[in-house]
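K.L.:
Can you read through this structure? Questions will come right after.
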Amino acid sequence: MKHEIFEKNVILLAIGILLTISIGGLVQIVPLYTMEQTIEKVDGIRPYSPLELAGRNIYIREGCYNCHSQMVRPFRDEAERYGHYSLAAESMYDHPFQWGSKRTGPDLARVGGKYSNDWHVAHLIDPRSVVPESIMPPYAFLAKRELSFDDAADHMKTLRIVGVPYSDEQIATAKEDLRIQGMGEAGGDVEAFLARYPKAKIGSFDGDAKKTTEMDALVAYLQMLGTLVDFTNVDPETLYR
């Protein structure tokens, strides 16, 4: 057989493997250089607010990504169940992104605004109280833990190094913004906060306005997922032009 010459000659086999990988790599990489950018231009995308960022950290810490992906594939059944397929721009400030491929639970790319804060809190405290067939473990302890994110500004500075466009003002007001989002007007200037973080949800997410907990942060993060882009103005044919 013709391939026997490769099976019996280690040097030829190595050369063949190298050529195959090289050709495959060029096919993958070269087209990218013909595009102005690999991430589409979409209005509305912004960096996470300090509270949302804290919630995302908790989401990753608790391993939520092991059961929930955040990427709606461009297939009809996916779009009908979850909503518009995910855009690369929606994850451009995620380090790391939460696309994933395993769904023990539903995809969360469009969960923001789908349920009330009370629903999320009840679900996290006792998943089976709202979804009887759920196998998700309870996270009631989040409501008892006061949020500790004193290094929010440092965290944002680090993210700016890798390309997240946090401004000097956003970094300087990190602690204040965290308090405002979790407490509303009682925490400070809401109008100024919304100017820095458009479409951010504000208020006591866990129902206790006296303190900001890890539950507040996680629910704030979940409630913004998929809410920044106005898909009525998104034309798939012009995204990469």
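K.L.:
Select from the range 138-163 the residues that are of a type in the set (A, V, I, L, M, F, W, C) and in contact with a strand residue (DSSP E or B) (Cβ under 9 Å, 6 or more places away or on another chain) and write down the one among them that is surrounded by the fewest Cβ atoms within 10 Å (Cβ to Cβ).
P.N.:
Only one residue fits best here, namely Ala143.
K.L.:
Here is a follow-up. Please find, among Leu19, Leu26, Leu13, the residue that is in contact with a Phe, Trp or Tyr (Cβ under 6 Å, 6 or more places away or on another chain) and outside the structural domain of Glu176 (by TED's automatic domain parsing).
P.N.:
The match here is Leu13.
K.L.:
Return a yes/no flag: does the range 122-129 have any residue that is within 14 Å of Ser49 (Cα to Cα), under 21 Å from the mean Cα position of the chain (by Cα), aliphatic (A, V, I, L, M) and assigned by TED's automatic domain parsing to the domain that holds Gln70.
P.N.:
no
K.L.:
Consider the range 53-103. How many of its residues are assigned to a loop (DSSP other than H, G, I, E, B), among the basic types (Lys, Arg) and at pLDDT 90 or above?
P.N.:
1
K.L.:
Do the conditions hold for Glu169, that is, is it touching a strand residue (DSSP E or B) at 6+ places or on another chain (Cβ under 9 Å) and either of a type in the set (Ser, Thr, Tyr) or in the same structural domain as Ala89 (by TED's automatic domain parsing) (or both)?
P.N.:
The answer is no for Glu169.
K.L.:
Tell me the residue from Ser86, Ser49 that is buried (at least 16 other Cβ atoms within 10 Å of the Cβ), in contact with a Phe, Trp or Tyr (Cβ under 9 Å, 6 or more places away or on another chain), free of Cβ contacts under 8 Å to residues at least 24 places away in the same chain and within 24 Å of Ala200 (Cβ to Cβ), please.
P.N.:
Ser86
K.L.:
For the range 89-125, give me each residue that is in contact (Cβ under 8 Å) with a residue 60 or more places away in the chain and β-branched (Val, Ile, Thr).
P.N.:
Of everything in the range 89-125, those that are in contact (Cβ under 8 Å) with a residue 60 or more places away in the chain and β-branched (Val, Ile, Thr) turn out to be Val111, Val121.
K.L.:
Would you mind stating whether Lys199 is on the phi > 0 side of the Ramachandran plot and of a type outside the set (Ser, Thr, Tyr)?
P.N.:
Judged against the criteria, Lys199 is a match.
K.L.:
Between a first residue in the range 129-143 that is free of Cβ contacts under 8 Å to residues at least 60 places away in the same chain and a second residue that is aromatic (Phe, Trp, Tyr), which pairs have beta carbons less than 9 Å apart while being 6 or more apart in sequence or on different chains?
P.N.:
Within 9 Å, the pairs are Val130/Tyr115; Val130/Trp119.
K.L.:
Of everything in the range 104-132, what is in a loop (DSSP other than H, G, I, E, B) and farther than 30 Å from Phe231 by Cβ? Give them in sequence order.
P.N.:
Asp126, Pro132
K.L.:
Report, by residue number, each residue of the range 178-233 that is out of contact with any Leu (no Cβ under 7 Å at 6 or more places or on another chain) and polar (S, T, N, Q).
P.N.:
Ser204, Gln223, Thr227, Thr232, Asn233, listed by residue number.
K.L.:
Is it the case that Thr173 is among the β-branched types (Val, Ile, Thr) and within 22 Å of Lys211 (Cα to Cα)?
P.N.:
So Thr173 passes the test.
The values are calculated or read from the model by the stated rules, or taken from the named source; none is laboratory data. None of these values were measured; they are calculated from a predicted model. In this analysis, Cβ positions are derived from the backbone assuming ideal geometry, glycine residues included, and neighbour counts consider all displayed protein chains.
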